[in-house]
Amino acid sequence: MRAKAGHAHVAYYKPAGELTSRSDPEGRRTVFDALPRPPHGRWINVGRLDMSTSGLLVFTTDGELAHRLMHPRYGIKREYAVRLLGAPSEDQLRRLTEGVELEDGEHGEAGAARFDTAELRGGTGANVWGHVTLVETGNRDVRRIFEALGLTVSRLIRVRYGPIELGKLRRGQSRALEPDEVAALYSAVGLEAPRGDVPRRTGPHHTRLRSSTKLK
């Protein structure tokens with residue numbers, strides 16, 4: 001199935017403290033305040049990040065693409081960098097991927113909340129970094145899974161959504177997705193990328209994707 005042409009797609013590094021909403025009655029800053037104006041239509045956020053979580057958000061003007069990217073049927077993986085207060089034990093690391101039941105009992109034994117992968121990436125003391133991947137659980141549950149094992153998350157950053165990586169973006173900056181990234185997004189959900197989808201530059205904040213992410 002080929003989607004209609006003419007859509008735009010951007011990646012944005014959401015800082016902690018911004019809301020993933022179009023407006024706020026209290027006048028707080030939202031992610032939409034920082035985005036360039038789309039060529040037509042309006043930006044649709046692919047997934048959400050809570051106020052205290054930073055990192056990658058993908059926006060598109062293609063509603064069908066956004067819907068599929070968020071639907072559990074397509075199994076789009078998210079990856080988070082997690083800073084912990086203290087290093088987890090080998091047993092705790094194992095349980096992160098085997099599953100833990102959250103305090104409210106919403107996950108039964110067979111369907112316990114868990115990560116697909118969990119690994120340490122360095123650091124000591126109060127600055128131990130790890131990376132986890134998962135499909136359906138929201139970023140709030142990322143924290144709760146760690147907390148269920150007595151581990152405290154001091155910082156949470158989404159560094160990948162499906163085939164799109166945060167790369168070298170700085171907090172508060174956006175960039176147009178490259179043609180190969182757009183094609184990868186459509187392919188991940190069973191759509192053929194429109195031939196007319198040309199990346200839209202986002203001014204001085206446009207940055208080419210890099211394969212590694214440096215966290216500060």
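The values are calculated or read from the model by the stated rules, or taken from the named source; none is laboratory data. The structure presented is a predicted model; accordingly, all values stated were derived computationally and were not measured. With ligands, DNA and RNA removed, areas are computed over all heavy atoms of the protein, side chains included. Shrake-Rupley method; radii C 1.70, N 1.55, O 1.52, S 1.80 Å.
Just to confirm, what accessible area per residue do you get for segment 1-106 at 1.4 Å probe, in whole Å²? Intermediate results must be reported in sequence, preceding the final value.
Values: 5260 Å² over 106 residues.
Heavy-atom accessible area per residue stands at 50 Å².
Carbon and sulfur atoms: what percent of the 1.4 Å accessible area of segment 1-57 do they account for? Show your work: numbers first, answer last.
Details: 1420 of 2780 Å².
About 51 percent, which is the carbon plus sulfur part of the accessible surface.
Taking a probe of 1.4 angstrom, what is the accessible area of M51 in Å², to the nearest 10?
Roughly 80 Å² of M51 is accessible to a 1.4 Å probe.
Of L56, L85, which has the most accessible area and how do the rest follow, probe 1.4 Å?
Values: L56 0, L85 100 Å².
The most accessible residue leads, giving L85, L56.
State the percent of C-alpha pairs, over all pairs in segment 31-154, separated by a distance greater than 19 angstrom.
Details: 4108 of 7626 pairs.
Counting every Cα pair in segment 31-154, those more than 19 Å apart make up 54 percent.
If you take the Cα atoms of segment 1-99, find Rg, then find the Kirkwood Rh from the mean of 1/r over all pairs, what is Rg/Rh? Present the calculation step by step, with values, prior to reporting the outcome.
Details: Rg = 16.9 Å, Rh = 15.9 Å.
So for segment 1-99, dividing Rg by the Kirkwood Rh gives 1.06.
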